[in-house]
Amino acid sequence: MGSIALNKLDNVIYTLDDWQKKLIGITAYCPVCDEVTKIKAEGSLARQTYFTHRKNSDCPTIKENHEKYALLPPSKRDEYNGKKIICWAKVNIHHLYSQCKEILQGKLKFNEFSEILDKANKKSIWFYTGLTNETLPYVLIVNYGVFPKIKGLRDAEVHYIFKKDAYSDDLFLKKRISHMFRITNQDIESIELNYTTINTTKSTAPYYLWKYVKEFMNTKSDID
């Protein structure tokens, strides 16, 4: 379920509140999977109103479908670019952590960042064709999967995905991605990717970060 929908007449994503005020009678589409959605629990005082999918929908926002839309290892590896990306990540490790933390609304522990890097290594996501330094933080977050509820940090599980059609082939990064979606059990939020604020200035990472990224720093990245 979610609180946003796409109006194909003007190609604009609206909140549920705006939809009920301005667009009653207009067909609502899920901005992630492009399926028709309907407003459910409208007028009920006991239940929250939200946009809902059809039964057995394969939309990636639905919990039962999460594994189906996990990023897969690249079928066609770009070895040279992948090693460049790893080198960049090592040199700018603190900036990379800061960008991942910003995507997660400031809610990212150092040990989780270490796990993010570990999962990236296991799936070799560095070697996607078309991956850039600017896109890397978003791909890392999507690749991680579900960030758990943690007392004092996150009130609910959250995960991030790209639009459904991005998963049809692993060369999707050759096209510039404009949006991602933040998914909780209560809401779907469309997020515009910001490529202008990523700081790539070389600097030394704080000492307290090093112990969490030590293993990643040993990742082979020599360019032949």
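The values are calculated or read from the model by the stated rules, or taken from the named source; none is laboratory data. These figures come from a predicted structure and were not determined experimentally. For neighbour counting, all protein chains shown are included, and Cβ atoms are generated from backbone atoms with ideal geometry for every residue, glycine included.
Points worth noting:
- Inspection of region 177-185 identifies at least one residue that is among the hydroxyl-bearing types (Ser, Thr, Tyr), at pLDDT 85 or above and either part of a loop (DSSP other than H, G, I, E, B) or closer than 19 Å to Tyr160 by Cα (or both).
To keep it simple, each residue is scored yes or no on (1) at pLDDT 95 or above; (2) assigned to a helix (DSSP H, G or I); (3) surrounded by 14 or more Cβ atoms within 10 Å (Cβ to Cβ); (4) touching a Ser or Thr at 6+ places or on another chain (Cβ under 7 Å).
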| position | (1), (2), (3), (4) |
| --- | --- |
| Tyr14 | no, no, yes, no |
| Asp17 | no, yes, no, no |
| Gln20 | no, yes, no, no |
| Gly25 | no, no, no, no |
| Pro31 | no, no, yes, yes |
| Lys38 | no, no, no, yes |
| Ser44 | no, no, no, no |
| Glu112 | yes, yes, yes, no |
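- From the options Tyr69, Tyr29, residue that is within 23 Å of the chain's Cα centre (by Cα), over 30 Å from Met217 (Cα atoms) and among the aromatic types (Phe, Trp, Tyr): Tyr29
- Subset of region 146-176 that is crowded, with 18+ Cβ neighbours inside 10 Å and modelled with pLDDT of 80 or more - its residue that is farthest from Glu35 (Cα to Cα): Phe147
- For His66, the conditions (1) at pLDDT below 90; (2) surrounded by 15 or more Cβ atoms within 10 Å (Cβ to Cβ); (3) on the phi < 0 side of the Ramachandran plot; (4) in contact with a helix residue (DSSP H, G or I) (Cβ under 7 Å, 6 or more places away or on another chain) all hold with the exception of (4).
- Selection of region 99-130 for residues being of a type in the set (Gly, Ala, Ser) and in contact with a Leu (Cβ under 9 Å, 6 or more places away or on another chain) yields Ala120, Gly130.
- Residue list for region 186-208, filter: small (Gly, Ala, Ser) and modelled with pLDDT of 75 or more: Ser190
- Exactly one residue among Leu140, Leu96, Leu136, Leu117 is touching a Pro at 6+ places or on another chain (Cβ under 8 Å), under 20 Å from Ala205 (Cα atoms) and surrounded by 21 or more Cβ atoms within 10 Å (Cβ to Cβ), and that residue is Leu96.
- Note on region 61-98: residues that are under 18 Å from Ile161 (Cβ atoms) and of a type in the set (S, T, N, Q) total 2.
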